[in-house]
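Asker: One structure, pasted below without further comment.
Every number here is computed from the coordinates shown, using simple stated rules; none is lab data. Bear in mind the structure is a predicted one, so any value in this text is a computation, not a measurement. Backbone-built Cβ (ideal geometry, glycine too); neighbour counts: all protein chains shown.
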């Protein structure tokens with residue numbers, strides 16, 4: 001596993017579900033990640049800005065603005081940046097085919113890796129029946145999720161005082177609920193079927209905040225995860241190999257090392 005101060009340059013970077021504009025967004029963590037991970041092409045795979053939350057109440061701290069400015073600077077330095085809107089930033093779907101500060105906005109696209117493999121890039125909300133046909137229920141679910149994240153924040157404050165690292169209670173609960181597990185499986189199956197119809201070797205998506213990298217019925221299924229709980233991303237190396245970077249896990253590991261060093265020095 002690479003160290004957190006790797007300063008590596010990749011062929012392609014894939015990130016999704018930052019949810020800027022919400023209190024749960026790990027903007028500082030993402031900025032730290034960007035310091036050490038540059039790429040020739042950056043794909044923003046949806047829900048980068050959470051317009052649902054911003055409509056209900058404005059929340060936009062400096063760190064969220066810094067993320068936008070950092071991405072714009074990457075574009076000015078020559079990186080190609082492609083934005084695939086999700087359901088939380090669906091207002092940008094009205095601008096498909098246009099550019100904002102050098103950032104391309106597309107509905108979906110096909111990415112070809114350095115070794116010639118083709119991947120379908122989509123956010124994935126079109127395969128979420130709740131989002132498509134019962135948006136009011138999706139909004140209710142979003143509210144419940146925010147409540148869980150708020151509780152999670154105080155829960156982790158207590159953990160830090162006890163000397164423990166970050167642990168996502170909301171993510172654990174989500175994976176323990178049978179219906180959530182079934183939903184994830186059905187979502188992944190639907191996304192893989194879409195990739196088969198496009199006759200590609202793989203698919204890269206976001207939406208469900210559940211990072212993944214595995215073969216599913218001959219299709220390489222990849223999910224970027226999120227920057228609310230897990231803090232994960234996908235990178236393509238210059239040989240075409242795609243890897244999951246679990247920045248959240250690396251941050252937690254560094255916290256443990258730092259605490260151990262302090263205890264040893266005490």
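Asker: Rank-order 23-34, 225-236, 80-91 by packing density, defined as the average count of other C-beta atoms within 10 Å over each peptide's residues, highest first.
Answerer: 225-236, 80-91, 23-34
Asker: I've got another one for you. Does region 11-115 come out rounded, prolate or oblate by the C-alpha gyration tensor, with a ≥ b ≥ c the root eigenvalues, rounded set by a/c under 1.5 and, if not, prolate when a/b is larger than b/c and oblate if not?
Answerer: Values: a/c = 1.84, a/b = 1.25, b/c = 1.47.
Oblate, because a/c is 1.5 or more while a/b does not exceed b/c.
Asker: What length, rounded to one decimal in nm, is gained on full extension from residue 77 through to residue 243, with 0.36 nm per residue of separation minus their alpha-carbon distance?
Answerer: 57.3 nm
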